[in-house]
Amino acid sequence: MVRSSRKLHSCLVVCGLFLLKSIYVSGDSCEKVAFKGEDRHKFARGDGKPNRFYNIYTPKNYVASEGNTKVIFGFHGYADSGYYYTHPEGIYKERTAKFLKLADKYNYAIVGFDGITGLGGKIGKSKHEKYRSFTSGGTSTGLTPDGEPTCDLTMEWNKPEKVVDGCYTSQCECANRCGYSHCGDDDIQMIADFINSGELSKKLCYDEDAIFATGNSNGGIFTWNLGQDERTAKLLAGIAPTIAAPVCGYDFKTNKASVPAISFVGTKDPTHPVYQKKPKNKCVQSSKYEGGHRFVSSHQITTVWAKGEPGCDVTDENEFPTRNFEFKGLTKLTCRTWCKGDAPFSLDCFYKAKHDDMPNDDPFAYEAAMIFFDSHLDASLDRKRLG
């Protein structure tokens, strides 16, 4: 795995209402401060770029423990907010609470980001502009890298108001109706800036070699995008997209900064039907009700991810890999891989569900993600010990 060499960050003293308890870490200039997850923080970027907002949750033993914390960036689904991963409230209260118990169990700080709306949050031609979203390859333009539409434009509706058109007309050029995310910012650059500018180090004493990312649905596509772009891939130690795969045409990765990936998808998902029983299907299409959007299949993207990586042997991408991988105690998951070892570089996992990252409020996929992340940290330490 190609990773840039980085030193451990030190973070600045953070005071005020967010201070619950703090101690100095021996031999370190970083003061630890605990965050409960409900307070929104502003990332003021300057240079005309929009301010961005995020939430932080620190695990229970964060302040009392020695050393720096592992971090997971969380990216919500379409129309949600960073609270989904950091603060139990509303309809997601039970599932978020269970997710945070896992953060405590595996000692991860969680940073939940807000996507952004259309221009000023106003509703333009598309009613979707009021919803927060993250922008990835093809999700705002509605076009593949070759300029082809990313949804089925031959679909017809009896009434104009029934047409599925999510393009943010206040911000985007809208070449067709296939786009459905904002054009107000470069989300990839925002995350790179968030880390490189020191914004993260102002809040957390974190290990630069232990920054991970997860996200669901629209946020899951963006999580894939983070691993596909060198600007952010070189800063991450692993990604775990859920109920998502890249837009059709974006089946690639950056070999300059390869990052391990584990994918979780539902077998009966109508919104992102990326689980397929036939491995030859490189792209899949949602129903007319869902807009006929096209995505790379989960098998295809995890196969592309495995190609050329140490310990991975892709014999025929038109066939499923024959090696299964099991997470002890997580029986609802089925995972297959082209890669060997206790820390496979690329895993394709699926479970019985529709478009749901926590069916029945059970965060088993996220627990598998944390185990997967830990396995790669352990493997990295082993490589360092061996020289």
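The values are calculated or read from the model by the stated rules, or taken from the named source; none is laboratory data. Since the model is a prediction, treat every value here as computed from it, not as a measurement. Here Cβ is always computed from backbone atoms with ideal geometry, including for glycine, and neighbour counts include all displayed protein chains.
The test for being crowded, with 23+ Cβ neighbours inside 10 Å and not acidic (D, E) does not hold for I91. Only a single item in (1) crowded, with 19+ Cβ neighbours inside 10 Å; (2) at pLDDT below 95 is not met by T254, and it is number (1). The numbered conditions (1) surrounded by fewer than 24 Cβ atoms within 10 Å (Cβ to Cβ); (2) within 20 Å of D152 (Cβ to Cβ) are all true for E319 except (2).
Would you call R177 closer than 19 Å to G142 by Cβ and charged (D, E, K, R)?
Details: closer than 19 Å to G142 by Cβ: yes; charged (D, E, K, R): yes.
Taking the combined requirement at face value, the residue satisfies it.
Enumerate the pairs (first residue in the range 141-158 and at positive phi; second residue anywhere and outside any loop (DSSP other than H, G, I, E, B) and modelled with pLDDT of 95 or more) with beta-carbon separation below 7 Å, excluding pairs fewer than 6 apart on the same chain, so at least 6 apart or on different chains. Close Cβ pairs (under 7 Å, with a partner that is outside any loop (DSSP other than H, G, I, E, B) and modelled with pLDDT of 95 or more) amount to G142/P149; G142/C151. Could you check the range 79-115 and list, in sequence order, the residues that are within 17 Å of the chain's Cα centre (by Cα) and not in a helix (DSSP H, G or I)? Scanning the range 79-115 gives A79, D80, S81, G82, Y108, A109, I110, V111, G112, F113, D114, G115.
What number of residues in the range 104-129 are over 18 Å from P241 (Cβ atoms) and at pLDDT 90 or above? Steps first, answer last, please.
Within the range 104-129, the first condition is being over 18 Å from P241 (Cβ atoms), and the residues that meet it are 104-107, 109, 114, 116-129.
Applying the additional criterion that residues be at pLDDT 90 or above yields 104-107, 109, 114, 116-117.
Summing the residues that are over 18 Å from P241 (Cβ atoms) and at pLDDT 90 or above in the range 104-129 gives 8.
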